[in-house]
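Since the structure comes first, as structure tokens, the remarks are kept for the end.
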Amino acid sequence: MLAIAIAPLPEQLPVALPLLVAGSASRWARGRSWADVVRGPADRAAAGALAGALALAAAVLAGAPVIEALGQRGIEWSVHPIVRGNAAVLAMVAVYVAATTVATELALRGWIVERVLELSPGPPVLPVLVGAIAEALITPGDVTARLGGACFGAGLGWMYAASGRSVLAPICARLAFELGAVLLEGLRLIG
């Protein structure tokens with residue numbers, strides 16, 4: 001996993017794709033499929049989506065002003081600036097973001113956190129911590145972006161463990177957060 005996270009990949013290739021390939025091979029070699037972790041009732045998906053939307057609202061309304069005041073510089077939200085004012089591009093970017101979101105959650109929670117859960121009995125503290133570190137490693141940007149990624153990853157890891165080891169809630173939480181951010185960027189509400 002570390003080799004994939006630090007490998008010099010083309011910018012257009014999200015690190016989630018090679019991680020998903022490695023995770024698929026690992027699960028297959030152990031006689032497992034993604035169906036083992038993609039299961040559960042719809043209320044988990046709804047709870048995840050609500051948590052993701054609330055996390056985005058908290059980040060935009062409360063977190064950003066505090067970080068900007070402490071760091072004495074603005075937060076750069078723009079990951080996909082091409083979506084600003086262009087509905088067709090917004091739709092294409094939304095499909096790209098959704099696909100990488102699913103790949104990221106399957107790789108990080110459905111493979112890495114799940115594998116550590118299998119190997120370490122007891123409370124899920126270590127698996128969640130490993131998932132948070134993996135999230136920080138693949139998060140692009142400076143130290144503050146990586147710390148934010150680690151916090152986000154820890155929350156998604158706890159969500160994964162609490163939802164009966166199902167990636168539905170973390171996928172929906174990440175989808176709500178990331179697609180919400182793309183929409184806000186498209187509407188020019190964040191930049």
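Once the chain from Ala29 to Leu129 is taken as fully extended at 0.36 nm per residue, the excess over their C-alpha distance is 33.5 nm.
Among Ile138, Ile171, the order by Cβ neighbours within 10 angstrom, fewest to most, reads Ile138, Ile171.
For the stretch 146-191, build the convex hull from the C-alpha positions and give me its volume per residue in Å³.
64 Å³
Every helix of 4 or more DSSP H residues in the chain counts as -39500 (n - 2.57), and over all residues that averages to -21000 deg cm²/dmol at 222 nm.
Most tightly packed first, judged by the mean number of other beta-carbon atoms within 10 Å of their residues, the peptides 83-89, 147-153, 53-59 read 147-153, 53-59, 83-89. A Förster radius of 30 Å combined with the Cβ-Cβ distance from Glu68 to Arg39 puts the calculated FRET efficiency at roughly 0.15.
Using only side-chain charges placed at the Cβ, +1 for Lys and Arg and -1 for Asp and Glu, the dipole size of the stretch 41-186 relative to its Cα centre rounds to 100 debye.
For the stretch 92-163, what class follows from the C-alpha gyration tensor (a ≥ b ≥ c being the square roots of its eigenvalues): rounded when a/c is under 1.5, otherwise prolate if a/b is larger than b/c, else oblate? Note, shape of the stretch 92-163 comes out oblate.
Once the Cα atoms of helix 42-58 and of the chain are each reduced to a long axis, what angle between those two axes, in degrees from 0 to 90 to the nearest 10, is obtained? With both axes taken from Cα atoms, the answer is about 40 degrees.
So if each residue of separation counts as 0.36 nm, and I subtract the Cα-Cα distance between Tyr96 and Leu17, what length gain in nm does that give? Show your work: numbers first, answer last.
Details: separation 79, 0.36 × 79 = 28.44 nm, distance 1.19 nm.
Difference between extended and current length: 27.3 nm.
Its Cα gyration tensor gives the chain an equivalent ellipsoid. The semi-axes, each the square root of 5 times an eigenvalue, are 27, 18, 17 Å from largest down.
Computed from the coordinates by the stated procedures, all read-outs in this text should not be read as laboratory data. Everything numeric in this text was worked out from a predicted model, so none of it was measured. Glycine also receives a Cβ, built like all others from the backbone with ideal geometry; neighbour counts cover every protein chain displayed.
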